[in-house]
Structure formats: C-alpha cells, structure tokens
Amino acid sequence: MPENTVTIGNVTITAVKDLPAMRGDPGYMYRDLPSSAWDAHKRWLNERGHLDITIGSFLVRSSGRSILVDTGIGKKERPVFRTDRADLLGNLAALGVRPEDVDLVVNTHLHVDHVGWNTVAQGDGWAPAFPRARYLIQQKEWEHFTAPERREQVAYVKDCLEPVAQAGLLDLVDHQHSITPELTYFPTPGHTPDHVSILVQSQGERALIIGDVAHHPVQLTETEWEVMADVDPKRAIETRRLVAEKLEREALTVLGGHFPFPCMGRLVRLSDRRVFQAL
Ligand SMILES: [Zn+2]
C-alpha cells in the first residue's frame, strides 16, 4: 500500500502531488477578513503567518480501475503559478503508474489547477496525457467553460480541454452517471456552476472527495469565509455549510485537493467547534 493512502472498504485513494506545497499569505485567498479572524486558527499558519496549499490529484482504485480525480496545474505557462516544478506524471510513475495505466480521468470542475495534466505537449499542439483513459466531465460545466465568450478569456480551454474532445476521449455526463459501482457524483455547485464532489462507498465505509468546496480545512469550520475564486460566493457558502454538516454528521472521511498534504482527514467536535483532524 503506497504512503498517503486511505482505504475505504475495497477502494484505495492515494494523494499525489503535482507541485511542492505552495506557501501563501492567507489574505490572498480570503480577502475580506479582519486579521483577527485567524486568531482561533493559528495552528494552520507557519511562523511567517503563511498557509500551505497543495496542488495535485487523487489516484483512486475502484472495481479494478485506476481513476485520477483532477489533474493539477500541469507544466504549462500560467499566470500566478510557478509550473516549472509541476510533476504529477513523475509522482505517478514513482507509484508505478504509467499514463497508459489510467482508465478514467474525472475533473471535479474546470479551473486551471484541476485540468492541467489532462494534456501534454505533442508536436506543436496538445494531446491527452492519459491515452487510454476516458475523461469524464459534467456537461453543464463543460458548456459554461467552453462558451464562446469564456473560451477567449480562458487559455486553458484550448490546451487542456479541447484536445481531449478532439481525440475522442471525452464523455460529457450528468450527476446520475456512476463512475464505478463504488464512486458516484455528489453535486456541489457554487465554486463553479456545476462543480461536483465524488462520493466513495464500499463495504459500509464512505468518503467524499470535495474538490474546491473548501480550499483549506479551516473553511469546514468557518464555512462563511469567502474565497476569491468562488464564481457564485453565496451558493458556494451554502454548499460548503451543507457539506461540512454532512461530513460531520455522517462521519465521512474528507479529501480536499488543496488541503495540507496528504489532503485527508475527518471532522470532529472539539470545545463545541467542528474541526478538521488529519488522518
Ligand atoms: Zn482549485
């Protein structure tokens, strides 16, 4: 069993990095908070007052299939991110996983840091990075991000999304689609119009891969905190509150792709506060 893996019944989920941990001023992500807002959450800040943010992917093994949930930022020139150190494929290789071993790629939503390794450079264009995989994307999410007006603003539509469709590997699905008998969609709109989480159920055990419902565990306590990247902040807050309540009430294992590595834990109640405890 590789490190950084959790077992949910017959399913295994391994956190795989793309970039080394990014450290950042929390004011960048959480813009409208007074600095005192962090007083109760100092355990998350390092000595410089910075937060650790992970960018990566989850490798899920279910029903004999190898599934990647989200694909990181990729090695492509982007604003904000330093992508020269992106190495999801190398980190998968270290786990013994070659690109052709991946059966399914599932994007929780279509932001730049979740679709990066959908493709790799080939000639002067881009080709699917996982040549044998089917790529599953929610139809409404696809329509939103590939609409003509947005396509022009968002460079990665052309280098991470359209080449997958052109190669014939894209399956546009809805919430009812089951990824495997053990993996189903759980709609979590707000961060993007048709953002989805992945519910894992096997042998009476359950987990939820929450995509960007929360970018950091602190938001599962402070569900009202707004993140600058939420497309519909009100809806994102409502979704976050519902998900946090569900995670606590049903004692689900939670996996958040941007959480401090290895990105997995549970919610527990301490001094009447809901708090995240790493596995
Ligand atoms: Zn993200």
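The values are calculated or read from the model by the stated rules, or taken from the named source; none is laboratory data. Model, not experiment: these values are computed from the prediction. Here the Cβ positions follow ideal geometry from the backbone for every residue, glycine too, while neighbour counts run over all protein chains shown. Ligands, DNA and RNA are excluded from the accessible area calculation, which covers all protein heavy atoms including side chains. Shrake-Rupley method; radii C 1.70, N 1.55, O 1.52, S 1.80 Å.
Measuring nothing but protein heavy atoms, the accessible surface of the chain at 1.4 Å probe radius is 48 percent carbon and sulfur. At q = 0.21, 0.29 Å⁻¹, what log₁₀ I(q)/I(0) does the stretch 1-54 have when each alpha carbon counts as one equal point scatterer in the Debye sum? Scattering profile of the stretch 1-54, log10 relative to I(0): -0.82, -1.14.
Electrostatic tally near Ala236: other residues with Cβ closer than 9 Å to its Cβ, Lys and Arg +1, Asp and Glu -1, net -2.
Judged by the mean number of other Cβ atoms found within 10 Å, the most tightly packed of the peptides 167-178, 71-82, 210-221 leads the ranking 210-221, 71-82, 167-178. Accessible area per residue for the stretch 55-185 is 44 Å², calculated with a 1.4 Å probe on protein heavy atoms, without ligands, DNA or RNA. Eigen-decomposition of the gyration tensor built on the alpha-carbon atoms of the chain gives equivalent ellipsoid semi-axes of 28, 22, 19 angstrom, largest listed first. The peptide list 225-233, 21-29, put in order of mean Cβ contacts within 10 Å with the highest first, becomes 225-233, 21-29. In the stretch 170-279, the ratio of gyration radius to Kirkwood radius, Rg to Rh, stands at 0.96 when only Cα atoms are counted. Taking the C-alpha atoms only, the angle from helix 233-249 to the longest principal axis of the chain is near 70 degrees.
A 31 angstrom limit on the alpha carbon distance is what I want to check against. Which of Lys17/Lys42; Lys42/Lys158; Lys42/Lys75; Lys42/Lys140; Lys17/Lys140 exceed it?
Checking Cα-Cα distances, Lys42/Lys158; Lys42/Lys75; Lys42/Lys140 exceed 31 Å.
Ranking Ser57, Ser63 by solvent-accessible area of protein heavy atoms (1.4 Å probe, all protein chains present), from largest to smallest, gives Ser63, Ser57. Across the stretch 214-227, coupling constants 3J(HN,Hα) worked out from phi with the 6.51/-1.76/1.60 Karplus curve, θ = phi - 60°, read 9, 8, 8, x, 4, 6, 7, 8, 9, 5, 7, 5, 8, 9 Hz, and Gly and Pro carry x.
Applied to the stretch 22-39, the Karplus parametrisation 6.51 cos²θ - 1.76 cosθ + 1.60 on θ = phi - 60° returns per-residue 3J(HN,Hα) values of 8, 10, x, 5, x, x, 5, 8, 10, 7, 9, 9, x, 5, 5, 4, 8, 3 Hz, with x for Gly and Pro. For the stretch 83-167, place one equal point scatterer on every Cα, skip the solvent, and apply the Debye formula. What is log10 of I(q)/I(0) at q = 0.12, 0.18, 0.26 Å⁻¹? These q points yield log10 I(q)/I(0) values of -0.35, -0.79, -1.48.
Farthest toward the dipole's positive end in the chain, which of Pro131, Ile179, Gly96, given Cβ charges of +1 (Lys, Arg) and -1 (Asp, Glu) about the Cα centre? It is Gly96. The orientation-averaged projected area of the convex hull spanned by the Cα atoms of the stretch 110-212 comes to 7.1 nm². Please report the spacing between the Cα centers of the stretch 241-268 and the stretch 113-152 in Å, no decimals. Cα centroid of the stretch 241-268 versus Cα centroid of the stretch 113-152: 28 Å apart. Each peptide among 102-113, 242-253, 263-274 gets the average number of other Cβ atoms lying within 10 Å of its residues, and from highest to lowest they stand as 102-113, 242-253, 263-274. Between Asp272 and Lys246, the simple spin-label model (points 7 angstrom out along Cα→Cβ) gives 2.8 nm. Within the full protein context, the accessible area of Trp117 is estimated at about 20 Å² for a probe radius of 1.4 Å. Its Cα gyration tensor gives the stretch 164-226 an equivalent ellipsoid, and the semi-axes of that ellipsoid, as √(5λ) in whole Å with the largest first, are 24, 18, 9.
Charge tally around Leu252: other residues with Cβ under 15 Å, Lys/Arg +1 each, Asp/Glu -1 each, net +2. Considering only DSSP beta bridges whose two residues both sit in the stretch 5-198, what percent are antiparallel, to the nearest 5? Around 75 percent of the beta bridges assigned by DSSP in the stretch 5-198 are antiparallel ones.
Show me the trypsin sites (Lys or Arg not before Pro) within the stretch 129-162 that DSSP assigns to loop and that have at most 15 other Cβ atoms within 10 Å of their Cβ. Within the stretch 129-162, the qualifying trypsin sites (Lys or Arg not before Pro) (loop, at most 15 other Cβ atoms within 10 Å) are Arg132. Only Cα pairs under 8 Å and 6+ residues apart enter the sum, and on that basis the relative contact order of the chain stands at 17 percent. Placing R0 at 25 angstrom, the Cβ-Cβ distance between Arg235 and Arg65 gives a FRET efficiency of 0.20 after rounding to 0.05.
Using the Cβ-Cβ distance between Ala167 and Arg48 with R0 set to 45 Å, the FRET efficiency works out to roughly 0.55.
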